[in-house]
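In what follows, a structure is listed as structure tokens, so that the remarks can point back to it.
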Amino acid sequence: MLIRRAKKEDYAVFAAIEAEQPGFPAWGAAGFEAEERNRNSVTLAAELDGAVAGFINFWVLRPQVQLNTLAVGRAFRRRGAARALVGKLAEYAAKNLCREIDLEVNEHNSAAIALYTALGFELAGKRPKFYNNTDAALLLRKTLAPKD
Ligand SMILES: CC(C)(COP(=O)(O)OP(=O)(O)OC[C@H]1O[C@@H](n2cnc3c(N)ncnc32)[C@H](O)[C@@H]1OP(=O)(O)O)[C@@H](O)C(=O)NCCC(=O)NCCS
């Protein structure tokens, strides 16, 4: 498993991973490219078996980090890529003296909720009808201890 900064050549693969997931709020390759102009934005790629397996994007907004998007290709799931990507986010958070990681997840996304719960995120709020004016968003938060 390799976690590294994303490159322009990765964005088409990220878009293909997004497209595998029905209803996923996709950024598309242009969306990832636009993030290069945001100095608070970090996009990372996960590689498995030498292939791009997944991605994460977050904003470092001290004292918070906002996790904006995360996905792993279907062929690479349950091999720890998402756990490693969020782990690297936590390293960035600690280095930048951030104490809180925040994210929104669809209330019906059981895989992602299981992932975040396993990683120590807790429910911090709920936004009704956030996705397509139907599904609620759960606001999840992880507070980092100074040693994290
Ligand atoms: C959610 C997602 C990112 C998980 O990626 P992944 O690389 O398969 O996750 P990991 O292998 O790192 O899983 C780590 C832990 O999360 C939990 N988990 C992950 N997927 C799960 C699932 N489908 N069901 C139950 N628990 C799951 C487990 O505790 C898992 O540990 P384990 O495999 O040792 O049991 C992936 O399913 C995905 O891309 N889904 C579509 C996009 C999406 O929903 N993104 C999140 C938006 S907020």
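The values are calculated or read from the model by the stated rules, or taken from the named source; none is laboratory data. As the structure is a prediction and not an experimental result, all values here were calculated from the model. Glycine also receives a Cβ, built like all others from the backbone with ideal geometry; neighbour counts cover every protein chain displayed. Areas reflect the complete protein model, heavy atoms only, side chains present, ligands, DNA and RNA absent. Shrake-Rupley method; radii C 1.70, N 1.55, O 1.52, S 1.80 Å.
Tabulated data
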{"read-out": "Gained length - ARG78 relative to LYS8, 0.36 nm times residue gap less alpha-carbon distance", "value": "22.6 nm"}
{"read-out": "Value of Rg/Rh across region 28-100 [Cα atoms, Kirkwood radius]", "value": "0.99"}
{"read-out": "Electrostatic dipole magnitude of the chain [Cβ: Lys, Arg +1; Asp, Glu -1; Cα centre; debye, to 20]", "value": "400 debye"}
{"read-out": "Carbon plus sulfur fraction of accessible area for the chain, probe 1.4 Å, in percent", "value": "52 percent"}
{"read-out": "Principal axis box of region 62-106, alpha-carbon based, largest edge first, Å", "value": "35, 23, 10"}
{"read-out": "Charge sum, other residues only, whose C-beta stays under 12 Å from ALA81's C-beta, Lys/Arg counted +1 and Asp/Glu -1", "value": "+4"}
{"read-out": "Taking all pairs of distinct alpha-carbon atoms in region 2-143, Kirkwood radius in angstrom", "value": "15.4 Å"}
{"read-out": "Top positive-direction residue, dipole computed over region 2-143 with Cβ charges, set ALA51, GLN66, PHE32", "value": "GLN66"}
